[in-house]
Amino acid sequence: MQPTLLPLFPLRVVVFPRTPLPLHIFEERYKEMIGEAMQGNSEFGIVLAKDDGIVNAGCTVVVKEVLKKYADGRLDILTRGVRRFEIVGLNQDKAYLRGEVEFFDDDDSSPAPAELREKALVQYRSLREAGELPSLEPELGDKQLSFQLAQTLEDLDFLNVLLRNRSEAQRLEQLSEYLARQAPRLREAARMRKLAPLNGHGSAPPGTPG
């Protein structure tokens with residue numbers, strides 16, 4: 001039996017199950033792909049695009065809402081992650097890329113230890129309350145809390161590692177270690193963002209010609 005081919009959308013982004021992803025669709029091939037997905041209420045896959053090609057794992061999404069339609073056919077849509085997959089083959093018969101995929105989930109579906117969840121949450125909330133992470137409220141009831149907490153991070157390589165990991169306990173440990181390691185850098189980045197609007201509007205440094 002011929003395997004089902006999943007439409008693939010390579011992007012510089014990593015999406016996780018049950019997390020939102022807004023998209024602006026402007027290329028003709030992706031207008032076609034999204035149109036078919038909306039018509040069939042079907043999934044398409046988001047895969048991380050790198051300089052040397054795409055990675056071989058990703059997450060499917062479904063279109064939850066059309067935010068805006070443009071006269072030239074462009075679309076602003078809101079999608080939501082569904083399930084993870086690995087690519088075992090590629091197909092280029094259509095204008096857009098498709099992949100033969102195998103879906104996967106965590107090897108152990110039991111909840112992660114409460115202390116691991118709490119440790120990751122404490123670090124996450126500390127950084128968010130300090131303005132060092134976007135103010136996005138995670139779904140705390142999600143058994144894969146690591147995905148909810150990681151969705152605001154910008155390190156694509158790290159996010160790709162989390163996406164592939166099949167243990168929630170391991171992901172929470174990795175996330176806690178990452179947040180602790182990155183906290184100084186995130187704080188400095190937040191400080192610079194606060195200072196940036198002042199550029200050009202402060203008093204002139206001593207000795208500067210008037």
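The values are calculated or read from the model by the stated rules, or taken from the named source; none is laboratory data. All values reported here derive from a predicted model rather than from experimental measurement. As a convention, Cβ positions derive from the backbone with ideal geometry for all residues, glycine included, and neighbour counts pool all protein chains shown.
Quick notes
- Subset of the range 148-159 that is out of contact with any Pro (no Cβ under 7 Å at 6 or more places or on another chain) and more than 13 Å from GLY81 (Cα to Cα) - its residue that is surrounded by the most Cβ atoms within 10 Å (Cβ to Cβ): ALA150
- Flag if VAL13 is outside the structural domain of ASN160 (by TED's automatic domain parsing), at pLDDT 95 or above and part of a strand (DSSP E or B): no
- Within the range 16-35, tally of residues that are assigned to a strand (DSSP E or B) and under 22 Å from ASN165 (Cβ atoms): 2
- Any hit, the range 85-94, residues being basic (Lys, Arg) and more than 29 Å from VAL161 (Cβ to Cβ): yes
- Inclusion of ARG171 among residues that are under 22 Å from LEU48 (Cβ atoms), part of a helix (DSSP H, G or I) and of a type in the set (Lys, Arg) is warranted.
- Leading residue by the ranking (surrounded by the fewest Cβ atoms within 10 Å (Cβ to Cβ)) among those in the range 84-135 that are of a type in the set (Val, Ile, Thr) and under 25 Å from VAL47 (Cβ atoms): VAL88
- Among residues of the range 58-74, those that are surrounded by 14 or more Cβ atoms within 10 Å (Cβ to Cβ) and either among the hydrophobic types (A, V, I, L, M, F, W, C) or without any contact (Cβ under 8 Å) to a residue 24 or more places away in the chain (or both), counted: 4
- Out of LEU145, LEU162, LEU133, one residue alone is closer than 19 Å to ARG83 by Cβ and without any contact (Cβ under 8 Å) to a residue 60 or more places away in the chain. It is LEU145.
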